[in-house]
Structures are given as C-alpha cells and as structure tokens.
C-alpha cells in the first residue's frame with residue numbers, strides 16, 4: 001500500500017469510527033457490532049503504526065493512551081475556574097432568588113442543573129481541534145492532563161465546525177456502573193477498593209500513564225462556555241441555555257436533566273425532582289446548580305470576592321432511607337472491644353447499596369431502643385459511613401427481639417468484661433491470644449498511618465494466619481518469598497512485592513511503630529508527641545507514669561495505658577524481637593522546633609510534591625498544628641490542586657492562603 005492509499009484509507013476509517021463512536025457513546029444507538037468496530041479500529045492502528053506520518057491529532061487511536069508522563073505540567077487558566085456559594089435549605093434558596101429579583105427589578109429566569117460529583121476540567125479547542133485540557137486546580141492554576149482527557153470517548157477530538165477558539169468547562173466523572181464493575185474486579189484480585197466514584201475519577205484522571213486512565217472508562221458532561229464566541233443564525237447566544245444547546249450541536253455531551261426555570265417555585269420544584277431522581281442518574285450528584293440564565297443579567301448582578309453573585313449550589317441534606325434490621329453481628333476489634341454491627345435488608349443510599357451499619361455499643365442500642373427485626377432509618381455519616389439514626393417502634397409487629405451483648409467472645413469463646421473507662425462504656429475480650437484481635441492488630445500494624453506495608457490488607461493477613469505463616473507482627477519480618485508465593489491468589493511477583501514492602505517498613509521509626517503497636521488511647525498524634533520526647537524504645541521501657549503524663553496532651557488515662565503496656569512481659573518480648581529483626585525503634589524526626597508554635601494550618605487539595613501526610617508532618621515538626629476545618633482561628637490554608645470548599649471558606653473569612661512552595665520557604669528562610 002502506498003502512502004497516498006494509506007492516508008485515504010485512514011481518513012475513511014477515522015470518519016466511520018468517529019461516527020459510530022458518537023452513536024454508541026452519545027446516543028446509545030449503535031448501528032454496527034462491537035466486532036466490526038474493533039476490526040476497523042485495529043486496521044487504523046496498524047496503518048498509523050506502519051505510516052506514522054498519516055497520524056492526526058484527532059485520530060480515535062489517541063484514546064487508548066500514549067506514552068506515560070514523568071509529571072504533569074502546570075497550566076494557568078485564562079478565565080478563572082471559580083466555585084459557587086452553597087445553600088443548604090429552601091429558605092436560603094428563596095433568599096437568593098429574592099435578592100436576584102431585587103437586583104434585576106423583576107423575576108429572573110434560571111438554569112437549574114444537577115451538580116455532578118466529579119472533577120472539574122477545562123477543554124480548549126483551536127480551529128475545531130482539541131489541543132489542551134487542564135484540571136481546575138486552585139481555580140487559577142491547574143495541571144495539564146490533555147493526554148488523559150483524550151482517552152475519554154465522549155470528549156470530541158474534532159468539533160463539527162472549525163470554531164477558531166473555544167474553551168469549555170466540564171465535570172469528569174466515573175459512571176456508577178463502571179465504578180461498581182471496577183470495584184468488583186479489584187475485590188476479586190484482593191486490591192483496595194475505590195472509596196467512591198468521585199475519588200476514583202480524580203485518581204484516574206491524574207494517572208501519569210494515560211493507558212491506566214483509558215482503562216478506567218471515565219466520562220464527562222460539559223456545563224459551561226468559558227471563552228469563545230458562539231453564534232446561532234449569525235447572532236451571539238444570549239442565555240446560558242442557548243450556549244449549551246449550541247455546544248451540543250458542536251459535538252459535546254452537555255449536562256443532562258437541566259431546565260430553564262422562572263422564579264423560585266419552578267427552581268425548587270426541579271431541585272426536588274433531581275433529588276428524587278438521584279438513584280436513576282448514571283452519575284453521582286451532590287446538589288443542584290442554580291444560575292441566572294440571561295448572560296447580560298449576570299453582568300448586572302456581578303461577582304463577589306470569591307464566587308459569582310448570580311449563582312448558588314443547593315446541597316441536598318444527607319439522604320435517609322427506611323429498611324429492616326435483619327440481625328446483629330459482633331466484631332472483635334484489635335484492642336478486644338466487641339462492636340455490634342447491623343445486618344440490613346439492602347437499600348440504595350447516597351449512590352451505593354448499603355447492607356451493614358455500625359451500632360457502636362450496647363449503650364447506643366439501648367438508648368435508641370433498637371431491636372432485631374425493627375424498621376430503622378439509615379443514612380451515611382458525611383456521605384460515607386452508614387449509620388442507624390433511629391428505630392420506628394410504630395412499625396413493630398411483635399416479632400422483634402431485644403438485643404443483649406454476649407457473655408463470651410464470639411471469636412475465641414473467652415471471658416468478656418465491661419470496660420467503663422478509657423474508650424468509654426465498652427465490652428472487651430480479655431484474652432490476649434484471641435484470633436480476631438490478632439488479625440486486626442496485624443492489619444492495623446500494616447496500615448497506612450502505621451507501618452504502611454503496601455499489599456498487606458485484611459485478606460492477605462487472614463491468608464497468612466490461616467496458613468500458619470505468622471502468629472504475630474514480629475513474624476512478618478521473618479517471611480520469605482517462598483513462604484508466600486504458593487498461597488491462594490498470590491504468585492511470585494506479589495510475594496516479592498510484599499516481602500520488599502515489609503523490609504521497607506523497618507525504617508519507619510519510633511513515631512510510626514508506637515501507633516502501629518495499637519496501644520490503647522495512643523493515636524497518630526499522641527504517638528508523634530511521645531516519640532518526640534522519649535526518642536527511643538529503651539527510654540519507653542524505663543519511663544514512669546509522671547514521665548508520660550508530663551508530655552503535651554497526654555492525660556492520666558493514656559499515661560496509665562502506656563505504663564501498663566510497656567510493663568507487660570509479653571510486650572517486652574515482642575518489642576525485643578522487633579529490634580532483633582532490624583526494625584528501627586528510635587525516633588526518626590528531629591525534636592519539634594518552635595517556628596510555627598501557636599499557628600494552625602489547614603491542608604486542602606493535592607500538593608505538587610508532597611502528600612498531605614508529609615506536609616502535616618513538616619508543619620508539626622516545626623511546632624504547628626494541623627486542622628481538618630477552616631475557622632477564624634486558622635492561621636494559614638495550604639492550597640493545592642483541586643482545592644474545594646475549604647479554599648472558598650478561607651477566602652470568605654480572610655484567612656491567609658499559601659501554596660506548598662511558600663510553606664517550604666517559610667521553613668527554610
């Protein structure tokens with residue numbers, strides 16, 4: 001085949017493939033079989049490989065992912081990608097529409113759209129060709145993720161008209177169906193599950209290897225024209241709705257389930273409709289966006305210091321559902337605490353199917369008069385953790401049963417006691433050899449905040465325990481590849497990776513080890529404080545109650561727990577084994593400086609070179625505090641990529657906002 005013939009054939013294939021892609025991904029109405037499509041795609045790929053000069057920037061083959069990147073380049077948005085003011089009730093929404101009526105001298109028309117829970121990006125086109133895509137970042141500077149965005153099949157690589165310049169904003173998301181399928185595959189492979197579709201989408205779009213991004217099957221809905229002139233019959237568009245209709249014509253998939261609504265009642269009705277329809281939508285949504293529709297009216301209303309005055313985001317209250325409490329299981333934690341867990345009739349809640357929920361302890365159940373067989377109301381705390389709010393006694397049939405905590409441990413059959421102090425009223429198994437405690441203790445030891453042993457999750461721990469390869473945490477450091485490679489679902493490569501991760505964990509230092517040991521009352525922050533003062537395991541062995549109680553934020557209960565823990569011969573024997581096996585039991589961090597003494601920092605977004613844990617450690621090392629929420633008492637907000645509501649609140653409160661480079665400069669000055 002000659003070059004000319006190859007070019008002509010490739011052009012024809014691109015035309016056919018692009019046409020059928022639109023039918024499949026945008027209209028859900030394919031005209032050819034998957035096999036026919038795949039064969040044409042393969043032919044085009046082979047032609048472009050044989051004749052590289054015929055490849056074009058808008059070829060469908062770029063969607064499979066190109067060469068992996070070393071890092072993402074920064075991109076400065078020419079139009080700021082701002083955020084919106086949140087409203088949390090219909091009263092607040094009514095106040096907003098009343099303000100708009102007063103500003104405009106009449107009832108305004110609004111565009112009401114679902115607020116998709118994903119990752120905001122800008123897409124830039126020149127002469128109708130997609131040339132650049134970037135994340136929102138802090139609204140002013142984002143990251144160039146063009147190659148990953150090309151893998152999203154609903155993003156047109158070439159518009160239907162050669163518009164000279166166009167910049168649009170959209171929300172990248174992972175469809176619910178794809179999220180569930182990917183998690184099922186990961187669960188079968190023993191891999192960590194994605195927490196929710198939003199996090200999965202964000203992580204996928206920021207993969208340095210575009211082939212990984214392509215495998216995650218992301219999607220996008222465009223919801224705004226950022227820059228560029230659009231015309232309908234030779235005239236500029238005058239409303240937001242017209243602009244989205246025009247973008248539809250050019251080949252974009254724009255935000256669905258949107259309407260133009262005049263006045264408060266119409267807006268509120270559509271928000272209620274969207275809320276009722278959440279389960280049927282293919283994407284997760286965390287609210288509804290209400291914007292003045294007329295573009296000229298937006299100019300009249302104007303902009304605030306950090307958000308536009310002409311738009312708000314209505315946030316839905318946590319979704320609540322009724323279901324039946326079928327039974328109650330008892331889980332034994334790593335410190336021996338028996339925790340009741342409710343088994344529920346499965347119910348869809350905030351985008352996922354919920355079949356279990358925590359019941360905390362016996363006191364929680366008694367105070368709420370929760371009985372087995374009850375109809376109960378459940379919701380997700382913080383949209384993440386399922387919890388039972390209350391029971392509905394009026395729906396009882398008489399068959400319900402009162403729950404009582406067991407007298408013996410369901411894991412080992414050992415004695416349980418009522419513990420009224422420390423962690424609160426709890427029922428605890430006092431058998432130190434309890435298998436359930438062993439499994440959870442080892443899992444905790446390997447967790448991210450502790451020794452951070454990659455690949456050693458609950459399933460692998462259970463596998464090693466049941467095979468008799470380990471009996472305690474010290475045994476982890478005796479494992480060899482040949483001990484692991486023949487276990488179920490492991491293999492040589494997985495075994496090598498696990499042994500390597502265990503070896504790497506030896507250097508974590510006393511701070512991480514203290515937390516990893518699972519001492520009652522000692523969390524990550526307390527472990528850092530204790531290690532910072534004691535500096536070595538030997539000093540911990542010899543420390544008195546007064547020594548521990550003199551450490552900042554260490555109270556009498558924690559001091560008592562520490563003395564008891566290190567006085568126990570079994571603890572001494574275990575720690576001595578860890579030392580003999582090469583685990584570092586000395587503090588690795590220098591004693592705290594006073595540079596940030598009295599200052600409180602909040603971290604938000606993704607930082608360019610450090611994880612949040614690393615940045616937190618740096619701040620704490622210099623005497624500062626790290627908080628999870630912004631308030632008037634916050635000294636600095638350190639903002640990175642995709643900074644969200646915390647950044648907005650900081651601006652509203654006038655809190656000083658810095659980036660990672662400024663934080664480092666403050667320390668090094």
Using Cα atoms only, what is the angle between the long axis of helix 3-25 and the major principal axis of the chain, expressed in degrees (0 to 90) to the nearest 10? 70 degrees
Theoretical gain in end-to-end length, residue 2 to residue 462 [0.36 nm per residue, Cα-Cα removed]: 159.5 nm
Proxy reagent accessibility, fewest Cβ within 10 Å first, across 385, 530, 470: 385, 470, 530
D (µm²/s, integer) via Stokes-Einstein for the range 600-668, Kirkwood Rh across alpha-carbon pairs, 20 °C, 1.002 mPa s: value 182 µm²/s
If you wrap a convex hull around the C-alpha atoms of the range 85-315 and split its volume per residue, what is the figure in Å³? 129 Å³
Most exposed first by the Cβ proxy, i.e. fewest other Cβ within 10 Å, how do 541, 110 rank? 541, 110
Contour minus Cα-Cα distance for residue 385 and residue 627 (0.36 nm per residue): 85.0 nm
If you split all Cα-Cα distances of the range 314-380 into 5 Å bins from zero, what percentages do you get per bin, shortest first? 4, 16, 25, 23, 16, 10, 4, 1, 0
Hey, got the Cα dimensions of the range 404-534 along the principal axes, in Å, largest first? 47, 40, 18
Full extension from residue 232 to residue 195: what is 0.36 nm times the residue separation minus their Cα-Cα distance, to one decimal in nm? 9.0 nm
Once both label points are put 7 Å beyond Cα along the C-beta direction, the residue 324-residue 589 separation in nm becomes 5.1 nm
Taking the chain as the reference, fit the longest principal axis to its C-alpha atoms, fit the long axis of helix 524-534 to the helix C-alpha atoms, and give the angle between the two in degrees, 0 to 90, nearest 10. 50 degrees
Per residue convex hull volume, Cα atoms of the chain, in Å³: 207 Å³
How large is the helix-only mean residue ellipticity at 222 nm for the chain, computed as the sum of -39500 (n - 2.57) over DSSP H runs with n ≥ 4, divided by its residue count, in deg cm²/dmol to the nearest 500? -11000 deg cm²/dmol
Quick one: helix 90-104 against the long Cα principal axis of the chain, what's the angle to the nearest 10°, folded into 0 to 90? 30 degrees
Honestly the range 519-669 on the Cα gyration tensor test (a ≥ b ≥ c root eigenvalues; a/c under 1.5 rounded, otherwise a/b vs b/c for prolate or oblate) is just prolate
What relative contact order, as a whole-number percentage, does the chain give when Cα pairs under 8 Å and 6 or more residues apart are counted? 10 percent
Can you sort 370, 232 so the residue with the fewest Cβ neighbours within 10 Å comes first? 232, 370
Rh_Kirkwood(the range 435-505) over Cα pairs, Å, one decimal, evaluates to 11.8 Å
At q = 0.14, 0.17, 0.21, 0.27 Å⁻¹, what log₁₀ I(q)/I(0) does the range 510-580 have when each alpha carbon counts as one equal point scatterer in the Debye sum? -0.35, -0.53, -0.84, -1.49
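Bear in mind that the values in this text are calculations on the coordinates, not laboratory data. Since the model is a prediction, treat every value here as computed from it, not as a measurement. Glycine also receives a Cβ, built like all others from the backbone with ideal geometry; neighbour counts cover every protein chain displayed.
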